[in-house]
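Read through the structure below, which is laid out as C-alpha coordinates, and then see the notes.
The values are calculated or read from the model by the stated rules, or taken from the named source; none is laboratory data. In this text the structure is predicted, and so the values were computed from the model without any measurement. Don't worry about glycine lacking a Cβ; one is built from the backbone with ideal geometry, like all the others, and counts go over all protein chains shown.
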Amino acid sequence: MKGSDGGFDWPVLLRVALKGLGLKPDEFWALTPAEFWLLLGDDAGAMPMGRNRLDELSRSYPDGGSGKGEDDG
(Lines give C-alpha, C1' and ligand atoms only; values in the text may rest on other atoms or scores of the structure.)
Protein backbone atom coordinates (compact mmCIF):
# COMPACT_ATOMS: atom_id res chain seq x y z
CA MET A 1 0.00 0.00 0.00
CA LYS A 2 2.00 2.86 -1.34
CA GLY A 3 1.03 6.46 -1.69
CA SER A 4 1.34 8.55 -4.84
CA ASP A 5 4.87 9.59 -3.82
CA GLY A 6 6.03 5.96 -3.59
CA GLY A 7 6.09 5.95 0.22
CA PHE A 8 3.66 4.19 2.52
CA ASP A 9 0.07 5.37 2.35
CA TRP A 10 -0.20 5.88 6.11
CA PRO A 11 -3.86 6.98 6.21
CA VAL A 12 -4.93 3.83 4.35
CA LEU A 13 -2.72 1.57 6.48
CA LEU A 14 -4.01 3.13 9.69
CA ARG A 15 -7.63 2.82 8.51
CA VAL A 16 -7.10 -0.88 7.71
CA ALA A 17 -5.50 -1.44 11.10
CA LEU A 18 -8.17 0.38 13.12
CA LYS A 19 -11.33 -0.48 11.20
CA GLY A 20 -10.40 -3.69 9.42
CA LEU A 21 -8.27 -5.39 12.07
CA GLY A 22 -9.71 -3.70 15.16
CA LEU A 23 -6.33 -2.57 16.46
CA LYS A 24 -5.85 0.40 18.77
CA PRO A 25 -3.54 3.15 17.47
CA ASP A 26 -0.73 2.27 19.91
CA GLU A 27 -0.96 -1.39 18.85
CA PHE A 28 -0.65 -0.40 15.19
CA TRP A 29 2.39 1.83 15.74
CA ALA A 30 4.10 -0.86 17.84
CA LEU A 31 3.97 -3.39 14.97
CA THR A 32 6.85 -4.02 12.61
CA PRO A 33 5.96 -4.00 8.91
CA ALA A 34 6.40 -7.80 8.86
CA GLU A 35 3.99 -8.23 11.79
CA PHE A 36 1.42 -5.98 10.13
CA TRP A 37 1.78 -7.89 6.85
CA LEU A 38 1.19 -11.13 8.75
CA LEU A 39 -1.98 -9.74 10.32
CA LEU A 40 -3.29 -8.81 6.88
CA GLY A 41 -3.36 -12.50 5.97
CA ASP A 42 -2.32 -14.72 3.08
CA ASP A 43 -4.16 -12.71 0.44
CA ALA A 44 -2.09 -9.59 1.18
CA GLY A 45 0.36 -10.55 -1.56
CA ALA A 46 3.98 -11.55 -1.61
CA MET A 47 6.39 -10.15 0.95
CA PRO A 48 8.97 -7.72 -0.39
CA MET A 49 12.44 -9.06 -1.03
CA GLY A 50 14.42 -9.55 2.17
CA ARG A 51 18.10 -9.00 2.85
CA ASN A 52 18.99 -12.67 2.31
CA ARG A 53 17.50 -12.69 -1.18
CA LEU A 54 19.24 -9.42 -2.02
CA ASP A 55 22.58 -10.89 -0.90
CA GLU A 56 21.91 -14.01 -2.97
CA LEU A 57 21.19 -11.93 -6.08
CA SER A 58 24.27 -9.78 -5.46
CA ARG A 59 26.44 -12.89 -5.41
CA SER A 60 24.78 -14.28 -8.54
CA TYR A 61 24.99 -11.00 -10.47
CA PRO A 62 27.96 -9.03 -9.13
CA ASP A 63 28.62 -5.50 -10.30
CA GLY A 64 31.45 -5.31 -12.77
CA GLY A 65 32.30 -4.53 -16.33
CA SER A 66 33.05 -1.09 -17.69
CA GLY A 67 31.41 0.83 -14.89
CA LYS A 68 29.12 2.54 -17.39
CA GLY A 69 25.38 2.26 -17.21
CA GLU A 70 23.10 2.00 -20.19
CA ASP A 71 22.44 5.74 -20.08
CA ASP A 72 26.14 6.68 -19.87
CA GLY A 73 26.80 6.14 -23.57
Practice item. Test each condition in (1) outside any helix (DSSP H, G or I); (2) at negative phi; (3) over 20 Å from the mean Cα position of the chain (by Cα); (4) at pLDDT 70 or above for Met49 and report the one that comes out false. Key: (3)
Study note, to complete from the structure: Within the stretch 7-20, residues being assigned to a helix (DSSP H, G or I) and either among the small types (Gly, Ala, Ser) or loosely packed, with under 14 Cβ neighbours inside 10 Å (or both) number 7
Review point. For residues in the stretch 21-42 being within 17 Å of Phe8 (Cβ to Cβ) and assigned to a loop (DSSP other than H, G, I, E, B), which is nearest to the chain's Cα centre (by Cα)?
Key: Thr32
